[in-house]
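Peer 1: Quick one: this structure, given as C-alpha cells, is what I'll be asking you about.
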Amino acid sequence: MSALPPYATPGQRVWFYSFRVICGLIFFFLIAPIMVIIPLSFNAQDFFTFTPEMLALKPEGYSLKHYKDFFTNSDWQAALWNSLRIAPMATLLSVSFGTLAAIGLSQTHVPFRRTIMAILISPMIVPLIISAAGMYFFYSRIGLQGTYLGVVLAHAALGIPFVIITVTATLVGFDRSLTRASASLGADPVRTFFKVQMPLILPGVISGGLFAFITSFDEVVVVLFVGSAGQKTLPWQMFTGLREQISPTILAVATILVTVSILLLATVEILRRRSERLRGMSPG
C-alpha cells in the first residue's frame, strides 16, 4: 500500500483516510454475516444465538457436538456423498467443454465469436430460477428430470461459463507462434494441444475447474428443480433443515463449506499468479 505523500493537500489527505474507512466498512458488511456463523457452530446448546456462556467465553459454552452430528447423521452423510458424486463429474464436463469452447472462440477466424460467447456465458447472467425452471421443463421432456445424469448436466451447464472466462483470460497472452512451430516440426493438433498449449493454459483451466466445482457443490436452486430425493445434495439438506427443522448442525456444515471455499479461492489466486508469471505479465 502506497503511503500518503508529504506534499498531499488537505483534500487528498481526507480522501486518503476516508477511502480506507469506506473500504473497511464495505469489507465488514460483506464478511460479518459469514463470520458470525463460525463461533455459533461451536455452541453447546441447540440455539442459533450466542448464549451467556459463549459471550463470557466459558469453556462449557462451546462444544463440537454439531460437527459430530454432521459426521454421524445418516441424512447429512448421504447428502455429502451425493454432493461428492455430482460435483466432480459436473466439473469434469465443465472443464472439458469449457476449455474446448474457449480455445475455439479464441481463433480470430471463427464467425460470430461474440454472439457465441454471449450465449455460452448466459447461465451466469440469466437469473438462476429461470435457468432452473427451463431445465426442469426440458429435462422432464427427455426423461432426465430426477436423475443423477440430469443433475450433473445441469451443474455442468452452470460451470462452463466460469471455465470459458478463465481459460479465455489465460489465452490472451498466449503466443500463437508456439503452436505454429510445433506444427512445423510435425506434431499433429492433438499432440500440439497436450504438449505445448495445455501446459501454458493449465493454471486457467484448473482455476475454472475450481470455480465450476464450487458452483456445483454449493448450488441448491437447480437441484431442487431437476433432482429428486435420491439426489439430495448438501445445500439441499441445509435448505430442508432451515425450512422443516431448525438444526444447529447447519451452522457446522456452513462453517465447513466456508473453510473449503476459502481454501479453493486461495488456490485459484495462487494459480492466477503462476499463470501471470508464465505469460510474462508479472515478475517471477
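No lab work stands behind these numbers, since they all come straight from the coordinates. Given the structure is predicted, the values throughout are model-derived calculations rather than measurements. Reconstructed Cβ throughout: ideal geometry from the backbone, glycine too, with neighbour counts over all protein chains shown.
Peer 1: When every alpha-carbon pair in region 10-61 is counted, what percent end up more than 13 Å apart?
Peer 2: Values: 893 of 1326 pairs.
Of all Cα-Cα distances in region 10-61, 67 percent exceed 13 Å.
Peer 1: Work out, step by step, the length gained on full extension between Arg20 and Ser74: first 0.36 nm times the residue separation, then minus their alpha carbon distance; give nm to one decimal. Each step should come with its number before you reach the end.
Peer 2: On the way: separation 54, 0.36 × 54 = 19.44 nm, distance 4.74 nm.
Gain in length upon complete extension: 14.7 nm.
Peer 1: Sticking with this one: Tell me, what is the Rg over Rh of region 147-195, with Rh the Kirkwood radius over Cα pairs?
Peer 2: 1.22
Peer 1: In whole Hz, what ³J(HN,Hα) sequence does region 99-115 give by Karplus (6.51, -1.76, 1.60; θ = phi - 60°), x for Gly and Pro?
Peer 2: Using θ = phi - 60°, the values come out as 5, 4, 5, 5, 5, x, 6, 7, 7, 5, 7, 6, x, 6, 4, 5, 5 Hz.
Peer 1: For Tyr62, what residues show an amide H to amide H distance below 5 Å, using hydrogens built from the backbone and excluding near sequence neighbours?
Peer 2: Ala44
Peer 1: Take the chain, connect every pair of alpha-carbon atoms lying under 10 Å apart with a spring to form a Gaussian network, then pick out the residue of Gly204, Gly146, Gly98 with the largest mean-square fluctuation.
Peer 2: Between Gly204, Gly146, Gly98, it is Gly146 that shows the largest mean-square fluctuation.
Peer 1: Another question, then. Residue by residue through region 127-142, what is 3J(HN,Hα) from phi via Karplus (6.51 cos²θ - 1.76 cosθ + 1.60, θ = phi - 60°)? Round to whole Hz and write x for glycine and proline.
Peer 2: x, 4, 5, 6, 4, 5, 5, x, 5, 4, 5, 5, 5, 5, 6, 9
Peer 1: Another question, then. I want to check the label-to-label distance for Gln45 and Arg13. Put each point 7 Å from Cα in the C-beta direction and report it in nm to one decimal.
Peer 2: For Gln45 paired with Arg13, the spin-label model returns 5.0 nm.
Peer 1: Follow-up question, since we're still on this one. Given an 8 Å cut-off on Cα distances and at least 6 residues of separation, report the relative contact order of region 12-159 as a percent.
Peer 2: 19
Peer 1: Quick one: P(r) of region 137-284 from all Cα-Cα pairs, 10 Å bins, percents rounded to integers, in order of increasing distance.
Peer 2: Calculated over all Cα pairs of region 137-284, the distribution is 10, 27, 27, 20, 12, 3, 0 percent.
Peer 1: Let me ask something else about it. When the Kirkwood radius is taken over all Cα pairs of the chain, what Stokes-Einstein diffusion coefficient follows at 10 °C and 1.306 mPa s, in µm²/s?
Peer 2: Working: Rh = 22.2 Å.
Result for D is 71 µm²/s.
Peer 1: Let me ask something else about it. Label 7 Å along Cα→Cβ of Ser177; region 109-129 residues with amide nitrogen under 19 Å?
Peer 2: none
Peer 1: Still on this structure, please answer the following. Given the DSSP H assignment, sum -39500 (n - 2.57) over each helix run of at least 4 residues in the chain and divide by its residue total; what's the result at 222 nm in deg cm²/dmol, nearest 500?
Peer 2: Details: 14 runs with 207 residues, N = 284.
Theoretical 222 nm ellipticity from helices: -24000 deg cm²/dmol.
Peer 1: Residue by residue through region 12-27, which ³J(HN,Hα) values in whole Hz follow from phi under the Karplus form 6.51 cos²θ - 1.76 cosθ + 1.60 (θ = phi - 60°), with glycine and proline marked x?
Peer 2: Working through the residues one at a time gives 5, 5, 4, 5, 4, 7, 5, 4, 5, 5, 4, 4, x, 5, 5, 4 Hz.
Peer 1: Note down the magnitude of the dipole of region 73-278 about its Cα centre, charges +1 on Lys and Arg C-beta and -1 on Asp and Glu C-beta and zero elsewhere, to the nearest 20 debye.
Peer 2: Values: 14 positive and 8 negative charges, 121 e Å.
Roughly 580 debye, rounded to the nearest 20.
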